[in-house]
Amino acid sequence: MEATKVPLQPPTYGNFITVLSIDGGGIRGLIPGTILSFLESELQKLDGEDARIADYFDVIAGTSTGGLITAMLTAPNEKNRPLFAAKDIKDFYLNHSPRIFPQKSFPLFSHVTKIVKALSGPKYDGKYLHNIIREKLGSLRLHQTLTNVVIPTFDIKRLHPTIFSSYEVKKNPSIDALLSDICIATSAAPTYLPTYCFKTKDAEGKVLREFHLIDGGVAANNPALLAMGEVSKEIISGSLDFFPIKPMDYGRFLVISLGTGSPKIEEKYKAPDAAKWGILGWLTNGGSTPIIDVFSQASLHMVDVHLSVVFQALHSEKCYLRIQDDTLSGVLSSVDVATTKNLDDLVKASETLLKKPISRMNLETGIFEVVNKETNEEALKRFAKLLSQERHLRHANSPGGHAQGRRHAHAP
């Protein structure tokens, strides 16, 4: 359908501000990849086979592996259409993860060997990851994405988050970095992949800024709230792209937030065990890195709790969809066990997740509990219709559309 190739008109011509958020999680990016493939297929049923995820969202935010997916969905090809369709994401992970995270066996003294490796440098050198990202994204820069993106990183030199935002790049050209550099940086998980340093320069070759970056999960492993904050700053600044609403009026946001899964509750760490840990225990324990897990899960849960409460308070629960699986067991919950079996199992877990009913985190226990009988699959179909309707409404109300005037009524 030709209309899908027309850029998404600003929110001021519609009812909602549409946000897609994708968590970090290494190889578990297969989970949101599978979910997005389903969502895009539903959008194609409504608007034609050329429909792509980037055609429907005002902003897509992603951290770490979610940042890579964000770039894949929004980077333009030679026809100025998304470089990747959502259905291509699964194959990318299946084909490249084993070489990004090569599995090594240490049959003798394996635990000691892993500890020595953890103390001597990152688990992986990152060379294959860097090369494949540069190959796919080439010379594309932040300002060229087909819709707005927000990708967090953390600068260890400044000890401060660095947010690569399409909104901010309009005012601050020093962050107009190569998309490949941004993706490599936001994926540089401590102890797993090396930190990443690069510079941005102006047309004359003068250095604008130097970055010393690690994984965006340190700043926001669930970037949904960060994306909404970037939009709110635009509203506060008086941008004509947005309807005149209060910056904290979350009821006008339509948000899909995709998790990458987490271990089931009984497999998380226990205080009696952790009480005995020193530096080594927090860095490597049972094949995982507890200190990284704690930081990343804390970020995920705090954002989800905040948004769940706010959308409920505004009676706008149907405008917020969080899809997360907190039942992953054993190596399935790892970020880097890229064996053929584990990758296949992640795909199966993703497909099962689609069939499960919508769940919401219990604020007391941290466990996801069923909200109603609507499945994640059914909710995505409902959101696909809302996204399609919003896109067509904006096109009709825009100066080049077919309707007269503008409509700002809230119609969730």
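For the stretch 65-102, residues that are more than 19 Å from the chain's Cα centre (by Cα) and in a loop (DSSP other than H, G, I, E, B) total 7.
Looking only at the stretch 340-356, residues that are surrounded by 15 or more Cβ atoms within 10 Å (Cβ to Cβ) and either aliphatic (A, V, I, L, M) or more than 18 Å from the chain's Cα centre (by Cα) (or both) come to 9 in all.
Filtering the stretch 1-56 to residues that are over 24 Å from Asp241 (Cβ atoms), surrounded by fewer than 22 Cβ atoms within 10 Å (Cβ to Cβ) and of a type in the set (Asp, Glu) leaves Glu42, Glu49, Asp50.
What about Tyr192, is it in contact with a strand residue (DSSP E or B) (Cβ under 8 Å, 6 or more places away or on another chain) and either crowded, with 18+ Cβ neighbours inside 10 Å or acidic (Asp, Glu) (or both)? Walk me through how you get there before you give the answer.
On the way: in contact with a strand residue (DSSP E or B) (Cβ under 8 Å, 6 or more places away or on another chain): no; either crowded, with 18+ Cβ neighbours inside 10 Å or acidic (Asp, Glu) (or both): yes.
No; evaluated as a whole, the condition is false for this residue.
Does Thr191 qualify as being at pLDDT 95 or above and either touching a helix residue (DSSP H, G or I) at 6+ places or on another chain (Cβ under 9 Å) or at positive phi (or both)? No; evaluated as a whole, the condition is false for this residue. Taken over the stretch 199-219, residues that are closer than 12 Å to Phe164 by Cβ and either aromatic (Phe, Trp, Tyr) or open to solvent by less than 20 Å² (accessible area, probe 1.4 Å) (or both) amount to 4. Filtering Met302, Met248 for residues that are at pLDDT 75 or above, open to solvent by 50 Å² or more (accessible area, probe 1.4 Å), within 23 Å of the chain's Cα centre (by Cα) and within 30 Å of Glu374 (Cβ to Cβ) leaves a single hit, Met302. Among residues belonging to the stretch 305-339 that are modelled with pLDDT under 80 and among the polar types (S, T, N, Q), point out the one that is nearest to Asp273 (Cα to Cα). Residue satisfying both the conditions and the ranking: Ser308.
Output yes when any residue across the stretch 359-373 is modelled with pLDDT of 95 or more and either open to solvent by less than 20 Å² (accessible area, probe 1.4 Å) or more than 21 Å from the chain's Cα centre (by Cα) (or both), and no when none is. Show your work before the answer.
We begin by selecting, within the stretch 359-373, every residue modelled with pLDDT of 95 or more; these are none.
No.
Restricting attention to the stretch 321-354, the residues that are in a loop (DSSP other than H, G, I, E, B), touching an Asp or Glu at 6+ places or on another chain (Cβ under 9 Å) and closer than 27 Å to Leu387 by Cβ add up to 1.
The values are calculated or read from the model by the stated rules, or taken from the named source; none is laboratory data. What you see is a predicted model, and the numbers here were worked out from it, not measured in a lab. Please note: Cβ atoms are built from the backbone with ideal geometry, for glycine as well, and neighbour counts cover all protein chains shown. Areas reflect the complete protein model, heavy atoms only, side chains present, ligands, DNA and RNA absent. Shrake-Rupley method; radii C 1.70, N 1.55, O 1.52, S 1.80 Å.
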